[in-house]
Amino acid sequence: MKVKFAVLGAGYIGKRHAEMIVRNENAELTGFADIRPADTLGLDAFGVPLYNSLDDLLSNGPEFDVLNIATPNGLHGKQAIQAIKAGKHIVIEKPMALTKAECEQIIFQAMANHKLVFCVMQNRYSPPSVWIKNLLDEGTLGKIQMVQVNCYWNRDERYYKAGNWKGLQELDGGTLFTQFSHFIDIMYWLFGDITDIKGRFEDFTHQSNTEFEDSGIVHFSFLNGGLGSFNYSTSVWDKNFESSLTIIGSNGTVKIGGQYMNEVEYCHIKDYTMPLLPPSNPANDYGPYKGSAANHNYVIDNVINSIHQKIAPTTNALEGMKVVEMIERIYGNNPYFPAKKGLLGDNYFS
């Protein structure tokens, strides 16, 4: 029996979810919801009805099993809870929410209503990420001494357009939430939690189009041992430079690089021969700028397998919450990160 999906938010990522659903022989797309007029969304190829709100979709829409939430970050929590209470499993685009407290509410409702929560952290599926995870699980690198993550991207006026939700504190949340939460997730997945966090933050080029920082240098220690740093910026001129992960262990050193951690740039490990890895999927292409790897097909596969075969989500709700909580702690001493305001209503879509 096919798993039936509906997609909330008909922006680029929402349509990406829909494409992966349509391509999957075990899935069926039943509808979209977005507040914008149908003739502005480019949904004709999908051949499914459009509803003008989540309320409208749940009240008047077709039957479906899973709601894929691809709306502005600040709406994820409220919309996820509403869908779970209506009896739906949910797939939430990153980040799960903008506060740990909201994530806890999602988890509570999911447990109370016996529903699954899938958090989209598709970089885990990239071949270099899978390879590094296996190296670490097998102890091939020995004791981890130092880890450095560098994410240097471009997000300029082509991205932060007037009247859009991107760049607004209440809906976007900040650079680590919108641009780099995928890489916080990879770091947590590979090395665990962090402590002794010290950060410096700056807004170099976005004073006129965002309400938060565009760059940061963060140092910390891993609870499992080793020193770490996370350096990021969206002030790079014209196009993304790199997203890289360097690991120094007692038995060797590796570096994954490229624009999206999609290439193994260095591997030198005691008594080890580097295997040939499958090619990585290309980045999500937004025209003038690009995002992380286009691995949403694996996310949809995991949802279907989890529902049919009772296997665990690849990125579960607790892990999604942990990423949000880590970002909150990193932002704890960030002067560009003001106190959270109350969330807006759910009438603002990507």
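Tabulated data for the structure shown
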{"item": "Residue ranges of strands (runs of 3 or more DSSP E) in segment 1-106 with at least 1 members in contact with a strand residue (DSSP E or B) (Cβ under 6 Å, 6 or more places away or on another chain) and under 20 Å from Asn316 (Cα atoms)", "result": "3-8, 66-69, 89-92"}
{"item": "Qualifying positions in segment 252-263 - under 28 Å from the mean Cα position of the chain (by Cα), closer than 23 Å to Gly139 by Cβ and at pLDDT 95 or above", "result": "Thr253, Val254, Lys255, Ile256"}
{"item": "Pairs, first over 17 Å from Cys151 (Cβ atoms) in segment 247-266, second of a type in the set (Phe, Trp, Tyr) and modelled with pLDDT of 95 or more, C-beta under 7 Å, six or more apart", "result": "Gly252/Tyr272; Thr253/Tyr266; Val254/Tyr266"}
{"item": "Cβ pairs under 6 Å, 6+ apart, first in segment 103-127 and free of Cβ contacts under 8 Å to residues at least 24 places away in the same chain and of a type outside the set (Lys, Arg), second in a helix (DSSP H, G or I) and crowded, with 21+ Cβ neighbours inside 10 Å", "result": "none"}
{"item": "Search result, residues across segment 29-45 that are surrounded by 19 or more Cβ atoms within 10 Å (Cβ to Cβ) and within 27 Å of Gly163 (Cα to Cα)", "result": "Gly31, Phe32, Ala33, Asp34, Leu43"}
{"item": "Of residues in segment 231-251 being among the polar types (S, T, N, Q) and assigned to a strand (DSSP E or B), the one nearest to Gly139 (Cα to Cα)", "result": "Thr246"}
{"item": "Qualifying residue in segment 172-195 (condition: crowded, with 19+ Cβ neighbours inside 10 Å, in the same structural domain as Glu138 (by TED's automatic domain parsing) and in contact with a Gly (Cβ under 6 Å, 6 or more places away or on another chain))", "result": "no"}
{"item": "Leading residue by the ranking (surrounded by the most Cβ atoms within 10 Å (Cβ to Cβ)) among those in segment 96-140 that are among the hydroxyl-bearing types (Ser, Thr, Tyr) and either at pLDDT below 95 or closer than 30 Å to Ile248 by Cα (or both)", "result": "Ser126"}
{"item": "Residue count, segment 207-233 (criterion: acidic (Asp, Glu) and on the phi > 0 side of the Ramachandran plot)", "result": "0"}
{"item": "Residue within segment 184-198 that is in contact with a strand residue (DSSP E or B) (Cβ under 8 Å, 6 or more places away or on another chain) and farther than 30 Å from Pro313 by Cβ present", "result": "yes"}
{"item": "Residue among Asp185, Asp156, Asp172, Asp203 that is farther than 29 Å from Gly225 by Cα, touching a residue at least 40 places away in the same chain (Cβ under 8 Å) and in contact with a helix residue (DSSP H, G or I) (Cβ under 6 Å, 6 or more places away or on another chain)", "result": "Asp172"}
{"item": "Hits in segment 209-230 - residues which are assigned to a strand (DSSP E or B) and not aliphatic (A, V, I, L, M)", "result": "Ser215, Gly216, His219, Phe220, Ser221, Phe222, Gly228, Ser229, Phe230"}
{"item": "Near pairs, Cβ below 7 angstrom, 6+ apart or cross-chain, from segment 301-312 (assigned by TED's automatic domain parsing to the domain that holds Asn24) to any residue that is in a helix (DSSP H, G or I) and not basic (Lys, Arg)", "result": "Ile311/Asn305; Ala312/Ser306"}
{"item": "One residue from Tyr266, Tyr272 being assigned to a strand (DSSP E or B), surrounded by fewer than 16 Cβ atoms within 10 Å (Cβ to Cβ) and modelled with pLDDT of 95 or more", "result": "Tyr266"}
{"item": "From the options Asn26, Asn52, Asn73, Asn68, residue that is crowded, with 16+ Cβ neighbours inside 10 Å, under 26 Å from His308 (Cα atoms) and of a type outside the set (A, V, I, L, M, F, W, C)", "result": "Asn68"}
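The values are calculated or read from the model by the stated rules, or taken from the named source; none is laboratory data. Since this is a predicted model, take the numbers as computed values, not measurements. Counting neighbours? That spans all protein chains shown, and the Cβs are built from the backbone with ideal geometry, glycine included.
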